[in-house]
Amino acid sequence: MKKIILVASLLILFSCATSIKNNLTVEEKEFLSKVRYIITKSEKKNFLSLPSSERTHFIEEFWKRRDPIPETEENELKNEYFKRIEEANKLFGKDGWLQDRGMVYILLGPPTERYTYPMGRYHGDLPTEIWYYGFFPIVFVDYYWSGTYQLTPLSAYQIAQINISQATMGPEFKVSKISIDFEVDFQKGSFQIKIPYKLIALQKKDSDFYTTLFLSIKVKNEKGEMIFEKSEEVLLKFNLEDIKNIKNPFHILSFEMKLEKGKYEAEIELKNLTGNTSRKKLEKFEIK
């Protein structure tokens, strides 16, 4: 009996959902289709539940909420969004905006570098494309030699980590800005600052990617006396081969210091001058 009730309930829900979607006008269906990459689940649910007379107002408010400069007549985000749809269709063929490459292009914009391997990167390999957004490679593979490239699972995760400093979109249309962060590993005669590569925003010049990190360290003893102080700028520079060959997920900065046995407090500040992000931490440690 429970199974029959469940099936009946699902049929009712399905028929209701179908009738709601069938009740949409051509313009309303077009709207839902085009904004599929930026509309939230709650917004879509709300839109479908509205009577037809209120949906036009919803669409107007949808774009108004995403207008980065409300004071101007032009909605820069909306214009850029549809511009990217057109560009995706030109780059990847008819309805290219619906493919994985089109989706990434629309959400993240044109890549810093794009490498295509229509016969595969190596002998016996599948057709592959690699896009670079600053430091991060995004990989697409044509698994069936059909001309349709699919986003690899690892790259789908990578997209969530990308910081696009040149993006012009609002918060609903771009990956959240990534702040610099680090871990600290204290040892008897030194300590290490471990910075995840994925949180290092880079600039591009010619074929290289670079940034400058500013690091400040102040160490006090139990009495609050300053016993160690150091600050310096560190230039990081990579080419594409460097990036491909990185194995360790952390960039490590090591510093030697001579400390006697006791308890200490270190104030560490790290700044990434690209993107102007910074992070401060107070770390307590003990030398035994």
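Out of all the residues in the stretch 249-284, which are part of a loop (DSSP other than H, G, I, E, B) and of a type outside the set (S, T, N, Q)? Spell out how you get there, then give the answer.
Taking the stretch 249-284 first, the residues part of a loop (DSSP other than H, G, I, E, B) are 249, 257-261, 273-276.
Within the stretch 249-284, 249, 257, 258, 259, 260, 261, 273, 275 qualify.
Sort through 86, 80, 73, 61 and tell me the only one that's of a type outside the set (Gly, Ala, Ser) and over 20 Å from residue 39 (Cβ atoms). Outline the logic, then answer.
Working: 86 fails: over 20 Å from residue 39 (Cβ atoms); 80 fails: over 20 Å from residue 39 (Cβ atoms); 61 fails: over 20 Å from residue 39 (Cβ atoms).
Result: 73 is the single residue among 86, 80, 73, 61 that is of a type outside the set (Gly, Ala, Ser) and over 20 Å from residue 39 (Cβ atoms).
For residues that are among the basic types (Lys, Arg) and part of a loop (DSSP other than H, G, I, E, B), scanning just the stretch 35-67, find the one that is modelled with the highest pLDDT. Step through it out loud before you land on a result.
Just the residues of the stretch 35-67 that are among the basic types (Lys, Arg), to begin with: 36, 41, 44-45, 55, 64-66.
Checking which are part of a loop (DSSP other than H, G, I, E, B) leaves us with 36, 66.
Working: 36: 92, 66: 86.
Taking the candidates together, the pick is 36.
Let's see how each residue does on (1) surrounded by fewer than 19 Cβ atoms within 10 Å (Cβ to Cβ); (2) under 23 Å from the mean Cα position of the chain (by Cα); (3) closer than 30 Å to residue 202 by Cβ:
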site	(1), (2), (3)
51	yes, no, no
64	yes, no, no
80	yes, yes, yes
122	yes, no, yes
147	yes, no, no
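For the subset of the stretch 259-283 comprising residues that are of a type in the set (A, V, I, L, M, F, W, C) and closer than 12 Å to residue 215 by Cα, which member is most open to solvent (accessible area, probe 1.4 Å)? Quick ask: steps written out before the conclusion?
To start, the set of residues in the stretch 259-283 that are of a type in the set (A, V, I, L, M, F, W, C) comprises 259, 266, 268, 270, 273, 282.
Next, only the ones that are closer than 12 Å to residue 215 by Cα stay: 268, 270, 273.
Numbers: 268: 0, 270: 0, 273: 90 Å².
It comes out as 273.
Going by what's in this entry, would residue 235 be described as at pLDDT below 80 and either closer than 30 Å to residue 130 by Cβ or among the hydroxyl-bearing types (Ser, Thr, Tyr) (or both)? So that I can check it myself, show each step before the final result.
Details: at pLDDT below 80: no; either closer than 30 Å to residue 130 by Cβ or among the hydroxyl-bearing types (Ser, Thr, Tyr) (or both): yes.
No: the conditions fail for residue 235.
Could you please tell me which pairs satisfy a Cβ distance under 7 Å, a separation of 6+ or placement on different chains, a first residue in the stretch 113-134 that is over 20 Å from residue 103 (Cα atoms) and free of Cβ contacts under 8 Å to residues at least 40 places away in the same chain, and a second residue that is in a loop (DSSP other than H, G, I, E, B) and among the acidic types (Asp, Glu)?
126/142
Please tell me if residue 132 is in contact with an Asp or Glu (Cβ under 8 Å, 6 or more places away or on another chain) and modelled with pLDDT under 90. Can you show your working first?
Working: in contact with an Asp or Glu (Cβ under 8 Å, 6 or more places away or on another chain): yes; modelled with pLDDT under 90: yes.
Here the answer is yes, as residue 132 does meet what is asked.
So the check is Cβ under 6 Å with 6+ separation or different chains; which pairs have a first residue in the stretch 263-288 that's touching a residue at least 40 places away in the same chain (Cβ under 8 Å) and a second one that's of a type in the set (Asp, Glu)?
263/222; 263/286; 266/283; 279/181
Would you pick out the residues in the stretch 74-103 that are of a type in the set (Lys, Arg) and assigned to a helix (DSSP H, G or I)?
Of the stretch 74-103, the ones of a type in the set (Lys, Arg) are 78, 83-84, 90, 94, 101.
Selection gives 78, 83, 84, 90, 101.
The values are calculated or read from the model by the stated rules, or taken from the named source; none is laboratory data. As the structure is a prediction and not an experimental result, all values here were calculated from the model. Ideal geometry is used to build each Cβ from the backbone, glycine not excepted, and the neighbour counts take in all protein chains shown. Keep in mind that these areas ignore ligands, DNA and RNA; they rest on the heavy atoms of the full protein, side chains included. Shrake-Rupley method; radii C 1.70, N 1.55, O 1.52, S 1.80 Å.
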